[in-house]
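See structure below.
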Amino acid sequence: MTATIKLGELAEFLGATLRGSPEKEITGLATLQEAGPAQLSFLANPQYRKYLVDSRAAAVLLKAADAEGFTGDALVVGDPYLAYAKVSHLFDPKPKAAGGIHPSAMIADDAQVDPAASIGAFAVIESGARIAAGVTVGAHCFIGARCEIGADGWLAPRVTLYHDVRIGQRVVIQSGAVIGGEGFGFANAKGVWHKIAQVGGVLIGDDVEIGVNTAVDRGALADTVIGNGVKLDNQIQIAHNVQIGDHTAMAACVGISGSTRIGKHCMLAGGVGLVGHIDICDNVFITGMTMVTHSITEPGAYSSGTAMQPAAEWRKSAARLRQLDDMARRLKQLEKRVGEVTPGSNASSEG
Amino acid sequence: MTATIKLGELAEFLGATLRGSPEKEITGLATLQEAGPAQLSFLANPQYRKYLVDSRAAAVLLKAADAEGFTGDALVVGDPYLAYAKVSHLFDPKPKAAGGIHPSAMIADDAQVDPAASIGAFAVIESGARIAAGVTVGAHCFIGARCEIGADGWLAPRVTLYHDVRIGQRVVIQSGAVIGGEGFGFANAKGVWHKIAQVGGVLIGDDVEIGVNTAVDRGALADTVIGNGVKLDNQIQIAHNVQIGDHTAMAACVGISGSTRIGKHCMLAGGVGLVGHIDICDNVFITGMTMVTHSITEPGAYSSGTAMQPAAEWRKSAARLRQLDDMARRLKQLEKRVGEVTPGSNASSEG
Amino acid sequence: MTATIKLGELAEFLGATLRGSPEKEITGLATLQEAGPAQLSFLANPQYRKYLVDSRAAAVLLKAADAEGFTGDALVVGDPYLAYAKVSHLFDPKPKAAGGIHPSAMIADDAQVDPAASIGAFAVIESGARIAAGVTVGAHCFIGARCEIGADGWLAPRVTLYHDVRIGQRVVIQSGAVIGGEGFGFANAKGVWHKIAQVGGVLIGDDVEIGVNTAVDRGALADTVIGNGVKLDNQIQIAHNVQIGDHTAMAACVGISGSTRIGKHCMLAGGVGLVGHIDICDNVFITGMTMVTHSITEPGAYSSGTAMQPAAEWRKSAARLRQLDDMARRLKQLEKRVGEVTPGSNASSEG
């Protein structure tokens, strides 16, 4: 469960400049404040520099500039946070799945499971599915007909893929996620909703991560498409025929409505909602809980909502907000009147 | 996996007027822009009429008015979108479940499963449950004690029904949905929460659809009630003792608090939240992410929230909003003062 | 399924003053309006007092003050709602799990399952896990390596615990909940996200309840921590390294971002969102759908958002809101101008 790695080995692994004994043994990772004498720490955010001098860490990942004046052991790297990301996997206590197919798993005769894949207890793999080498399918997973999972993917216990979901390489899917569910497609006739079969699939690129209990619906006609390197946090809803560009990341509880297209390298903070059938260009950042009701064509940061207040003050603001149209008209009229009684001034055209 | 159906057969199935060869073979569905020469398309939304002339579709579902001047093959119908909904199921690649009870399923001795039902791998069906003819219970489903599922229902893999959930006919439940969970009922005594057993059940009508990872809690005392034809999208939360009227539809990520009643033929867009113990009348439409804090007694459309802005502008708006009560008072005072210095005017009563 | 308990036994169980025959048989619970002649009801909220006189209930739990003038049978108690909470469990039709380990469950050789625990069908319990006496692990649950579940816990069917999740006594976890998922940790280098292993665990206190499809992520380095008596409703997202103080309750659809700390005895209404790395002090109440972007240091109630309006009015308000900064500047200018033409007044400093 606990790895022990020598500092010199870590320096070599990272291509870091070592300051200290290469024989020092590292057994884990911790923050500067919490690290013990056998733990490696890191300094990435300048606001934590104050904790560096008193840290008990065995060694610290830091930049050359921060290493000056620091007398402890260190691994000097160009990007300490990225270096921390890389070494974190060496100390991960996550159990490695046993190789092969668990005897309780139910695999269709014509499914293809690579001998170097791992299939967990009570997993179900349907007709025509293909599981590549190095893939882990956790216990209780359901892999629908004709699904494809590329090399080195990792599916936590209890992930559902409906039929015709195609997944690239090195994709991670957390527990409870459902890929390929039938999107919300109904035709209304005389007040009654008639279901539209969702005949498209889902296409997921390489190096994607999909969080706990996140839902990605299948396409109504063509596929729903998730680009390479996309990272989706927990409890996210991706509706049918959404397209997400490469390396875009979304925090938890985001909801994207049908057929909306999101560009590359976007970041959506938690709780953001997008209406359907809009386009978001590349390099857009949307702050938390923003409601996006139209396309965005310029990179940059966008927001909606109101700032939190004590509830009593908020009630006044909320009541006033409903009077805002009236206030605006009164202000304009007042400007006009004041302009009339103070000739030469031009109050109403200001601002 | 791929159906092939002759155009004449589709015309007969729909009661459509056929224009073109009844022998033409159709293998699938696509949009006007994407359809190939063996695919059927449809024109429902007028804004897509521009794509009609250049479509490569084998034939198009359209209205008589749109068929005029169109020289391609067509199926002329009264409601093309409804016609598309109907034919979509003919081309659905969704695998049909094998009939009967999978040998790995665990069925209580006194549960009643109709011979014409299908029970998937590793499903668990508890004591006293009744599964009607034509029902599909997917792999890994859990059907609690005394549950009833009416004819021709379809439960995706991994659906949980707690005990005493009664479901009508032709109900579709997507993967990860949980029906009958114990609602959030606690009595607070001296700062400590004491759990209240949730002794009611859930009653679900006919032709209901429940989306991926949606939760419908059981009643605290009486049942939680979902009417006929209700459509719930993914990631929705329905709290204990909510009542939802017939043919109401909710998009993803909606949350309804306890004991709230919603009328018939309502539509709630994504991310809407309703407080508890309120009544929403029939034919109400609530726009996305609206916060509903009181009952609605008039049909119509309702909204809350603020429009998205570039983040820098938004920060100014948000700061100003907190000053709004102050602004309103200053405006009123200014009106009074201007009224005093310009006698005969009546600024402060305007608007 | 239905319990029958004599009124005298209930009085003894609650330490209540009995008014009526101790031999009267009670078979269930209902509201004052719906109770039949064999059902117990309660009066806790004064607004329901009007239903007391006409109630057909066999007996009513009420306070001494409400018992005056009421001629029906009663159990007089100090806190009727708490008394209702206590007796509710006596009438709960929830099936009791069979004792022991279901033969289909898959238990690692070195996992420790107390003989007085119940393990459901198709459950998977991994290496080194420890399940205490009186614990129910539902069907399809996955209990990861080295997890600990304290005495008398109840896990609904289909709960996932990743590895290294430690849970106190009497903890209830509803179906679909996922504890210990890998939080959203990525280092961005040149536009590409690199995964950070989440090496911490989750620590959950005694008497906690976790709702349907709620996600609690494991810590990035140290543990995510949920205090004693915390109640989390459905569809909640708790990110890595969040800390929640004792007896805090959250309604459905709340999202808490990483490393945020919440005090004791707080209440978060439905749909609230908190950004990461902030502190919320004890005894804070946050109203529904509020966006919390900074720490709260004073107990009290807090809100954000706007009040619902008919959509046409809302569109005007939303448009005006974007002009608010302009309006504020124009108001200030007008005050200045009016102040100049009415010397002796002091309009611009008011408010």
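The values are calculated or read from the model by the stated rules, or taken from the named source; none is laboratory data. Here the structure is a predicted model, which is why all the values come from computation and not from measurement. Reconstructed Cβ throughout: ideal geometry from the backbone, glycine too, with neighbour counts over all protein chains shown. In case anyone asks, the SASA skips ligands and DNA or RNA and just uses the protein heavy atoms, side chains included. Shrake-Rupley method; radii C 1.70, N 1.55, O 1.52, S 1.80 Å.
Looking at (1) in a loop (DSSP other than H, G, I, E, B); (2) surrounded by fewer than 18 Cβ atoms within 10 Å (Cβ to Cβ); (3) among the hydrophobic types (A, V, I, L, M, F, W, C), can you tell me which one A:F285 breaks?
Unmet for A:F285, out of (1) in a loop (DSSP other than H, G, I, E, B); (2) surrounded by fewer than 18 Cβ atoms within 10 Å (Cβ to Cβ); (3) among the hydrophobic types (A, V, I, L, M, F, W, C): (1).
Which residues, counting only those in the stretch B:75-115, are at the interface with chain A (Cβ under 9 Å from one of its Cβ atoms) and assigned to a loop (DSSP other than H, G, I, E, B)?
B:D79, B:D92, B:P93, B:K94, B:P95, B:H102, B:S104 - these are the residues of the stretch B:75-115 that are at the interface with chain A (Cβ under 9 Å from one of its Cβ atoms) and assigned to a loop (DSSP other than H, G, I, E, B).
What is the residue count in the stretch B:42-99 for residues that are exposed (fewer than 15 other Cβ atoms within 10 Å of the Cβ) and either on the phi < 0 side of the Ramachandran plot or in contact with a helix residue (DSSP H, G or I) (Cβ under 8 Å, 6 or more places away or on another chain) (or both)?
16
Please determine, by comparing only the residues of the stretch B:27-41 that are more than 20 Å from A:A187 (Cα to Cα) and surrounded by fewer than 19 Cβ atoms within 10 Å (Cβ to Cβ), which one is farthest from the other protein chains (Cβ to nearest Cβ).
B:P37
On the given criteria, is A:V284 more than 9 Å from chain B (Cβ to nearest Cβ), free of Cβ contacts under 8 Å to residues at least 24 places away in the same chain and closer than 30 Å to C:H194 by Cα?
When the stated conditions are applied, A:V284 passes them.
Could you please give the count of residues in the stretch C:296-306 that are assigned to a loop (DSSP other than H, G, I, E, B), more than 7 Å from chain A (Cβ to nearest Cβ) and open to solvent by less than 50 Å² (accessible area, probe 1.4 Å)?
Qualifying residue count for the region: 0.
Listed residues B:A108, B:A145, B:A129; which is over 30 Å from B:T27 (Cβ atoms) and surrounded by fewer than 19 Cβ atoms within 10 Å (Cβ to Cβ)?
Step by step, each of B:A108, B:A145, B:A129 is checked, and only B:A108 is over 30 Å from B:T27 (Cβ atoms) and surrounded by fewer than 19 Cβ atoms within 10 Å (Cβ to Cβ).
Determine which member of the set A:G255, A:G271, A:G263 is more than 9 Å from chain B (Cβ to nearest Cβ), within 25 Å of A:E182 (Cα to Cα) and buried (at least 18 other Cβ atoms within 10 Å of the Cβ).
Details: A:G255 fails: more than 9 Å from chain B (Cβ to nearest Cβ); A:G271 fails: more than 9 Å from chain B (Cβ to nearest Cβ).
On inspection, the qualifying residue turns out to be A:G263.
Need pairs with beta-carbon distance below 9 Å; first residue closer than 24 Å to C:A145 by Cβ and within the stretch A:130-156, second modelled with pLDDT under 95; sequence gap 6+ or separate chains.
A:T136/A:K96; A:T136/A:A97; A:V137/A:A97; A:G138/A:A97; A:W154/A:A97
Does the stretch A:218-241 hold any residues that are charged (D, E, K, R), under 14 Å from A:T260 (Cα atoms) and either within 11 Å of chain C (Cβ to nearest Cβ) or touching an Asp or Glu at 6+ places or on another chain (Cβ under 8 Å) (or both), and which are they?
A:R218
Mind telling me which of the residues A:I173, A:I125 ends up being modelled with pLDDT of 95 or more, among the hydrophobic types (A, V, I, L, M, F, W, C) and under 24 Å from the mean Cα position of the chain (by Cα)? Quick ask: steps written out before the conclusion?
On the way: A:I125 fails: under 24 Å from the mean Cα position of the chain (by Cα).
Going through A:I173, A:I125 in turn, the sole match is A:I173.
Of C:A222, C:A252, which residue is more than 15 Å from the chain's Cα centre (by Cα), of a type in the set (G, A, S) and in a loop (DSSP other than H, G, I, E, B)?
Within the list C:A222, C:A252, the selection yields C:A222.
In the list C:Q333, C:Q323, C:Q309, which residue meets the criterion of being under 30 Å from C:C253 (Cβ atoms), facing chain A (nearest Cβ under 7 Å), surrounded by fewer than 23 Cβ atoms within 10 Å (Cβ to Cβ) and of a type outside the set (A, V, I, L, M)? Give the derivation first.
On the way: C:Q333 fails: under 30 Å from C:C253 (Cβ atoms); C:Q323 fails: under 30 Å from C:C253 (Cβ atoms).
None of the others qualify; the one that does is C:Q309.
Can you tell which of C:G183, C:G134, C:G168, C:G144 is at positive phi and not charged (D, E, K, R)?
None of the others qualify; the one that does is C:G134.
Taking the stretch A:132-142 on its own, how many of its residues are crowded, with 24+ Cβ neighbours inside 10 Å, away from chain B (no Cβ under 13 Å) and in a loop (DSSP other than H, G, I, E, B)?
So the count comes out to 1.
Of all residues in the stretch A:307-345, which are among the β-branched types (V, I, T), part of a helix (DSSP H, G or I) and out of contact with any Leu (no Cβ under 9 Å at 6 or more places or on another chain)?
A:V341
Within the stretch A:159-174, can you find the residues that are among the β-branched types (V, I, T) and touching a Leu at 6+ places or on another chain (Cβ under 9 Å)?
A:V165, A:I167, A:V171, A:V172, A:I173
Can you tell me which residue within the stretch A:150-190, out of those that are open to solvent by 20 Å² or more (accessible area, probe 1.4 Å) and assigned to a loop (DSSP other than H, G, I, E, B), is farthest from the other protein chains (Cβ to nearest Cβ)?
A:A151
Among residues belonging to the stretch B:191-206 that are open to solvent by 10 Å² or more (accessible area, probe 1.4 Å) and at the interface with another protein chain (Cβ under 8 Å from one of its Cβ atoms), point out the one that is nearest to A:L161 (Cα to Cα).
B:V199
Yes/no per residue for (1) in contact with an Asp or Glu (Cβ under 7 Å, 6 or more places away or on another chain); (2) not hydroxyl-bearing (S, T, Y):
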{"position": "B:A38", "(1), (2)": "yes, yes"}
{"position": "B:S41", "(1), (2)": "no, no"}
{"position": "B:K50", "(1), (2)": "no, yes"}
{"position": "B:G69", "(1), (2)": "no, yes"}
